[in-house]
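Comments concern the structure below.
Values quoted throughout were computed directly from the atomic coordinates according to the rules given, and no laboratory measurement underlies them. Computed from a predicted model, the values in this text were never measured in an experiment. All Cβ positions, even for glycine, are placed from backbone atoms using ideal geometry, and neighbour counts span all protein chains on display.
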Amino acid sequence: MKRASYTLFLLFVLLLAGCNPFGKKTEWDVTLKNIDKKPYGTYLAYQSLKYYFPNAQLSTLSKWFSYNNIDREVKYNYHGTTLLVLEGLTLNLTETEWEHILQFAHDGNEVVLFNAYMDHKILNTLNCYKKRQGMEEYPLSRFNTGEKNIGALSLKNVADSFGYNGHSLQSYFEPDTTDGKDYSDTLSSLAHFGIDTEPDTLGYVRNKADILRYTVGEGHITLHAAPLVLSNYFLLQPNNIHYLDGLWSTLPHDINYVYWHEYYKRSMPESGANILWRYPSTRYAVILAIIALLTYVLFESKRRQRIVPVIPPLQNSSVSFVETVGRLYYNKRDHNNLADKMISHFLEWVRTTYYMNTNQINETFVQQLAMKSGQPEELVRNLVNMIHETRLRTTTGDEAYLYELYNTIQLFYKTKTDGSHGTERN
């Protein structure tokens, strides 16, 4: 592992040498792509695998890959152990896919999952649940400075602590002790795949377990609650290079094949169109049909009648009205007035979308909105605090504060539109 550490350090130097401090602005969005050298890409973590496992062949799975396609060649590696690394933010699986992953581990292979939102099938089968999930995309602000992530992580049998001043690393696991839950399907899965329900805790965040390893037959499944430990920004911080040393050193030494599968937000297929586009054969057939249709339209679109006179379109007066109102607010610099209108529009949206009473914005309102919107309570409470500050005029209504208020409100609109987040379990 020392040789791998030195080689990974050289990768850090090369990455820094390729950075242009006077070039374009740094992009801080979370991508977790292995080709991204952005702060929250995973270029360094991916490139380091060939140095930590020098005898292993490294392969990247397509984003269209289905875990139902874990074929015999992938499952049965007769010359060693196969490692499957799954990393991203939101992971949703079909029951069949989860069974294929369990079977893959049962046959003597290793599976390591890094994600923010974890499918309930995984948690139910392993009899645990995840706390504070989904905070990785919560923007940094004066309410969320990122300082609590400094020195937050630790590894079993390693004296050092790790962390950074950045996006959240605070997710962790707890055993599921919910009373009255039906475990009939879960117990049958445990019996079939030989899952040990007592995991080995390999890592912690503030003394709470964030890395769990379950024995499944002859192999293991490892759950990691903080996918951003693979980010370039995390690994470039002092001493964090040893975090990967400690993590990968817990895996078997006979690994000779590594599969890397990355996703940003992976959802289960919900329509026939998605299924057709998911598999290469049907995808190419659809593309060919689209090309044929476009060719037909192109040749059949020749004019067969006399030229139709051009009628000028009606002027859109609503656009001019919006531009006039926008210039009015910009010239007056009345940020407090604009903030009041943004808050009024948001509360009206809450009333019509979630059918909630907004007359009293208190702790009960925070809990109900968090439950119905699927947003973390911390995010909802921060927004409520900003609403009170704006109404009571206890803060300076400058452009920076208005921009922060706008971004926080937009998180609710975007979540309602794409429906990608689940409700955090308290």
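Descriptive notes on the structure:
- Under 5 Å, built H, 5+ apart or other chain: amide partners of Gly203: Lys156, Asp210, Ile211
- Under Karplus coefficients 6.51, -1.76 and 1.60, residue-wise ³J(HN,Hα) of region 234-246 in Hz, glycine/proline x: 5, 6, 7, 6, x, 6, 5, 4, 6, 5, 5, 3, x
- Basic side chains Lys and Arg get +1 at the Cβ, acidic Asp and Glu get -1 at the Cβ, and with that the dipole of region 336-418 about its Cα centre reaches some 280 debye.
- Cβ crowding within 10 Å, taken as a proxy for footprinting-reagent exposure, orders Ser161, Ser66, Ser281 from fewest neighbours to most as Ser281, Ser161, Ser66.
- Positive contributions from Lys and Arg (+1) and negative ones from Asp and Glu (-1), summed over other residues with Cβ under 12 Å from the Cβ of Phe193, come out at -4.
- Across region 336-418, the mean sequence separation of Cα contacts (distance under 8 Å, 6 or more residues apart), normalised by length, yields a relative contact order of 33 percent.
- Sequence-ordered 3J(HN,Hα) estimates for region 192-199 from the Karplus curve with 6.51, -1.76 and 1.60 and θ = phi - 60° stand at 6, 9, x, 7, 7, 7, 9, x Hz, glycine and proline given as x.
- Cross-link pairs beyond the 29 Å C-alpha cut-off, checked among Lys37/Lys372; Lys341/Lys414; Lys265/Lys372; Lys38/Lys148; Lys131/Lys265: Lys37/Lys372
- In Hz, Karplus ³J(HN,Hα) per residue of region 253-265 (6.51, -1.76, 1.60; θ = phi - 60°; x = Gly, Pro): 8, 9, 5, 10, 8, 10, 9, 10, 10, 10, 8, 8, 9
- Cβ-defined net charge surrounding Tyr43, 9 Å radius [Lys, Arg +1; Asp, Glu -1]: +2
- Environment charge of Ala339, counting only residues whose C-beta is closer than 13 Å and scoring Lys/Arg +1, Asp/Glu -1: -2
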